[in-house]
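Okay, structure first, notes after.
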Amino acid sequence: MRTAVNTGEHFMTGDVACAEGALAAGCRFFGAYPITPATEIAEHMSARLPEVGGTFIQMEDEIAAMASIIGASCAGAKSMTSTSGPGFSLMMENIGLAIITETPCVIVNVQRAGPSTGLPTQGAQGDMMQAKWGSHGHYEIIALAPSSPQDIFYQTIMAFNLSEKYRVPVIIMTDEMIGHLSERVIIPDANEIKTVTRTLPKGRKDRFKPFEPGPDGIAPMAIAGEGYNIHVTGLTHDEKGYPDMTVEAQAGMMERLVGKIRKNRDDIIKTEGYRLEDAEIVIVSYGVSSRTGLAAVDEAREKGKKVGLLRLITVWPFPEEQIRTLAAKVKGFITVEINLGQIHHEVERCAGGKAECMLVGHPGGTIIPPERVIETLEQHF
Amino acid sequence: MVKMKQQNKQVHHPLDDLIRTDRIPHIWCPGCGIGIAFSSALLAMKSSGIDLQKTVMVSGIGCSGRGAGYVNLDSYHTTHGRAIPFATGLKLANPKLNVVVFSGDGDLFAIGGNHFIHAARRNVDITVICVNNFNYGMTGGQVAATTPAKAKTTTTPMGNPEAPFNLPLLAYASGASFVARWTVLHTRDLIDCISEALTKKGFSFIEVLGPCPTNYGRRNKENSFDTMKLYQDHTIIKNGAYPSELDIDFHKTVILGKFLDIERETCIESYDKTCRPMELVEE
Ligand SMILES: Cc1ncc(C[n+]2csc(CCOP(=O)(O)OP(=O)(O)O)c2C)c(N)n1
Ligand code: SF4
């Protein structure tokens, strides 16, 4: 039998590294529907899960895939699905169900160019706002953006840990380039990998309230079949989980759902800076485009320009404070992303007019060459 | 007086332990068939002897879908049409659970139709109880995939131009292991049938015909009593009937009974055999 943690030095694609990260994080249920460029995640999971005691199922569509991973999580399994744009659209309603029922699970979106079927085999970063607002109603979400196969391995573990800790769905917003890129991936020993598992309830089962927050603001989660007789609903509910169709109940529930992410921003938000110390211009980027940003920083520095990179590891919640602080010090921001302006608007909003904000965007289908960033730099700064 | 009060206190409904009594009154209209289908399901859970702590009810959205909200078991009220894939995830992640889906015909066969046929094909070991009231009760009585031809609903004011599904035929053709149909008038048969289905290995499907007086009945000049009378006068019990005979036309005779009860490898059994290394398969 092979072990869940595939310790060693490998050469693997981002998609496979994502699947290995999930296994290392403790994922034991995976339900998905095939779609390029995410299919390899499902294929790898179909081979690996049964040998570590988990279950893989190819569902009939992405709506079902998303429903199945919520169900599996309610039964106690760490669960995941993977998809790309068209399937991500189909998952939206049940992502809302995971949010309102506070069910941990991980969704991987290996982005390709849209709208609609678009460029099925070519990457993009056009779903960033959909990750934030795609399901109806107001909510907060956690979304991560890996920039290499090694990175996606660790970010997938991080996604599971955040999801279990805060009882939220976590979205990994990768892209076709990272998904299909083969690079060296080092998988450490199992005992070097930190995994988090949801807090289970203690105490009297008959008095347990499934949505009553613990001291950390997060409600312990009862698993189906353990005798807690819980009721879980997508309707607005009270701490008992019972539907409550009042404005007050809605307010209380929303405050908790949104609050558990807003109040823990410092724990959740991760970014990485490169040559930021004396930077006058900051490139803001994530996913494959942060590699464009990295190359552009080095090139610009060679030309004597003080440029640095802020790579977003968590895109949502957005690192507002960090952008605000930088905006007070720097001349400008250049957001590099494979869409026509999504995270750029967030940067602009947080910069609040204190620094100039430029976009180096792309309609999708290929990576952005660093020269385009240099051009913008030279023209505007 | 005092004595009477004490006596009153001792009066319990036989299903009190299986109902979230703190959620009563329920939303169902007077004369609605869902309550009978629901209590039949609970009575069957008791009589079947299954471990209730390991029993979970999953519903979609609709009047019938409120079932999960009233049962005093682990219960999940999901999204419209998605009870079955949710239940599939629950069952596959913990095969020890008894998973019961309780929902409406619109939920399970219109928006959720694709999930139904695939779960039956896979032979996921769950029990699906569908309350068929011929329309969308919750949203005010629109046409459903089960509405009889020519019947009036709010979106077929001139009569339904379409033909309804024959649900047992669909279940049979999709690969279910157990298929039956009863009405809320035939409670004893219904309870026995659900009880049998709960302990049956594989995908079990029970269609339960029940009135929706508020919406379907009102527009088709049929109060609950009339509907129950139809259930009495225009049905025959024919166990083992061939599924293609099971179209519903109350102008003629509607067939009730258990139509299919076969042994077939379940989704999990087949997965363990086909995909898992031998040493990992639990006996
Ligand atoms: C995605 C989505 N579309 C539409 C609705 C509105 N809706 C709620 S219940 C329902 C129909 C329910 O009909 P049925 O399943 O037959 O149950 P009944 O109310 O008759 O018991 C609809 C269309 C919804 N909740 N979600
Ligand atoms: S609307 Fe119809 S289905 Fe819904 S509770 Fe009333 S009678 Fe029952």
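Data overview
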read-out: Test: residue in region B:188-202 that is more than 14 Å from every other protein chain (Cβ to nearest Cβ) and either touching a His at 6+ places or on another chain (Cβ under 6 Å) or within 15 Å of ligand 1 (Cβ to nearest atom) (or both); value: no
read-out: Single condition B:CYS32 does not satisfy, out of (1) in a helix (DSSP H, G or I); (2) within 16 Å of ligand 1 (Cβ to nearest atom); value: (1)
read-out: Inter-residue pairs, beta-carbon under 7 Å, first at positive phi and in region B:119-138, second among the acidic types (Asp, Glu) and more than 9 Å from ligand 1 (Cβ to nearest atom), 6+ apart; value: B:ASN123/B:GLU265
read-out: Per-region count, region B:56-99, residues open to solvent by 10 Å² or more (accessible area, probe 1.4 Å), of a type outside the set (Lys, Arg) and in contact with an Asp or Glu (Cβ under 9 Å, 6 or more places away or on another chain); value: 7
read-out: Meets criteria (of a type in the set (S, T, N, Q), open to solvent by 20 Å² or more (accessible area, probe 1.4 Å) and over 24 Å from A:VAL185 (Cβ atoms)) for A:SER135; value: no
read-out: Number of positions in region B:127-176 that are more than 16 Å from ligand 1 (Cβ to nearest atom) and either closer than 17 Å to B:SER40 by Cβ or surrounded by fewer than 24 Cβ atoms within 10 Å (Cβ to Cβ) (or both); value: 14
read-out: Residue selected from region B:42-96 under the condition β-branched (Val, Ile, Thr) and assigned to a helix (DSSP H, G or I), by the criterion farthest from ligand 2 (Cβ to nearest atom); value: B:THR88
read-out: Subset of region B:59-93 (residues that are more than 16 Å from ligand 1 (Cβ to nearest atom) and more than 15 Å from B:PHE38 (Cα to Cα)); value: B:ASP74, B:THR88, B:GLY89, B:LEU90, B:LYS91, B:LEU92, B:ALA93
read-out: Unique match (being crowded, with 17+ Cβ neighbours inside 10 Å and either assigned by TED's automatic domain parsing to the domain that holds A:LYS132 or free of Cβ contacts under 8 Å to residues at least 24 places away in the same chain (or both)) among A:LEU294, A:LEU312; value: A:LEU294
read-out: Conditions (1) in a helix (DSSP H, G or I); (2) within 16 Å of ligand 1 (Cβ to nearest atom): number failed by B:SER244; value: (2)
read-out: Residue, nearest to A:ALA4 (Cα to Cα), within region A:166-204, restricted to residues that are open to solvent by 30 Å² or more (accessible area, probe 1.4 Å) and of a type in the set (Lys, Arg); value: A:LYS194
read-out: Flag if A:THR103 is open to solvent by 10 Å² or more (accessible area, probe 1.4 Å), within 13 Å of chain B (Cβ to nearest Cβ) and polar (S, T, N, Q); value: no
read-out: Matching residues, region B:20-32, being more than 14 Å from chain A (Cβ to nearest Cβ) and within 7 Å of ligand 2 (Cβ to nearest atom); value: B:TRP28, B:CYS29, B:GLY31, B:CYS32
read-out: Residues located in region A:272-291, provided they are closer than 19 Å to A:ILE172 by Cα and either open to solvent by less than 40 Å² (accessible area, probe 1.4 Å) or assigned to a loop (DSSP other than H, G, I, E, B) (or both); value: A:VAL284, A:SER285, A:TYR286, A:GLY287, A:VAL288, A:SER289, A:SER290
read-out: Enumeration of residues in region A:4-27 that are charged (D, E, K, R) and over 22 Å from the mean Cα position of the chain (by Cα); value: A:GLU9
read-out: Set B:LEU260, B:LEU246, B:LEU280: member being touching a residue at least 12 places away in the same chain (Cβ under 8 Å), surrounded by fewer than 20 Cβ atoms within 10 Å (Cβ to Cβ) and aliphatic (A, V, I, L, M); value: B:LEU260
read-out: Those helices (runs of 4 or more DSSP H) lying entirely in region A:317-381 with at least 2 residues crowded, with 21+ Cβ neighbours inside 10 Å and in contact with a Leu (Cβ under 9 Å, 6 or more places away or on another chain); value: A:320-327, A:343-351
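The values are calculated or read from the model by the stated rules, or taken from the named source; none is laboratory data. Because the structure is predicted, anything quoted here is derived from the model rather than measured. Note that each Cβ is placed from the backbone with ideal geometry, even for glycine, and that neighbours are counted across all protein chains shown. Accessible surface areas use protein heavy atoms only, side chains included; no ligands, DNA or RNA. Shrake-Rupley method; radii C 1.70, N 1.55, O 1.52, S 1.80 Å.
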